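The structure under discussion appears below in the form of structure tokens.
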Amino acid sequence: MKTFERYFLAANRWALILLLATMAVIIFTNVAMRYLTSASLEWAEEVSRHMMIWLTFLGAGPVLRYGGHIAVENLQDAFPAPVGIAIRALVAALLFAFFGFMVWYGWLYMERTQFQLTAATQIPFSWIYSAMLIGGILLIVHFLLIVRAYVLKREFASDAHFDAAASAAL
């Protein structure tokens, strides 16, 4: 399972790196062309916006793994450990429900927009909305891989990296 997790996380990270790098090249090229030649790529803004949408949904899972999303921890800290575990279990159930909602509505949006085309590139909007569906599925997988440690000990992947870095510094 650890091998799957390592490859899964690496593939997700590389997808994010490639998307971000490609988006940066497109935007840089467009700005340079605009100032150097007084012409620009008419599709650059649209494509970079769609890539940003994909970055958001594909990047949500790795951020979740590291505890990077906004969280209110004061409530669970105010109670004894068993109550804190119950609160985190409830939060985990609500998160899974929300991720399932994302998958469901991503699918509905894809169906509803499959014949609508974007302005500059003329691709179906369903390709852009598929980011919501795929991002939701990835969130479910990422959270399944860390949910036990989160619920029982409130641990995230960043905690392990922090502990390893602290040990190495000593």
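The values are calculated or read from the model by the stated rules, or taken from the named source; none is laboratory data. Because the structure is predicted, anything quoted here is derived from the model rather than measured. Ideal geometry is used to build each Cβ from the backbone, glycine not excepted, and the neighbour counts take in all protein chains shown.
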Handout entry: Selection within region 106-132 - surrounded by 15 or more Cβ atoms within 10 Å (Cβ to Cβ) and aromatic (Phe, Trp, Tyr)
Key = Trp107, Tyr109, Phe125, Trp127, Tyr129
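Conditions (1) of a type in the set (S, T, N, Q); (2) in a helix (DSSP H, G or I); (3) surrounded by 13 or more Cβ atoms within 10 Å (Cβ to Cβ), marked per residue:
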{"position": "Met23", "(1), (2), (3)": "no, yes, yes"}
{"position": "Leu36", "(1), (2), (3)": "no, yes, no"}
{"position": "Ser40", "(1), (2), (3)": "yes, no, yes"}
{"position": "Ile134", "(1), (2), (3)": "no, yes, yes"}
Problem - Looking only at region 136-153, and only at residues there that are closer than 14 Å to Leu64 by Cβ and not aliphatic (A, V, I, L, M), the one that is surrounded by the fewest Cβ atoms within 10 Å (Cβ to Cβ) - result: Phe143
Problem - Scope region 45-62; condition among the β-branched types (Val, Ile, Thr) and either farther than 29 Å from Ile128 by Cβ or surrounded by 14 or more Cβ atoms within 10 Å (Cβ to Cβ) (or both); matching residues - result: Val47, Ile53
Problem - Scope region 43-69; condition within 11 Å of the chain's Cα centre (by Cα) and of a type in the set (Lys, Arg); matching residues - result: Arg65
Exercise for the section: Would you confirm whether any residue within region 135-143 is modelled with pLDDT under 95 and closer than 26 Å to Leu20 by Cα? Expected result: no
Practice task
For Phe101, work out the one condition from (1) under 28 Å from Ser48 (Cβ atoms); (2) surrounded by 13 or more Cβ atoms within 10 Å (Cβ to Cβ) it doesn't fulfil.
Solution key: (2)
Practice task
Can you work out which of the residues in region 79-98 that are under 12 Å from Arg148 (Cα atoms) and touching a residue at least 60 places away in the same chain (Cβ under 8 Å) is surrounded by the fewest Cβ atoms within 10 Å (Cβ to Cβ)?
Solution key: Ala89
Problem - Subset of region 27-53 (residues that are touching a Leu at 6+ places or on another chain (Cβ under 6 Å) and within 23 Å of Val103 (Cα to Cα)) - result: Met51
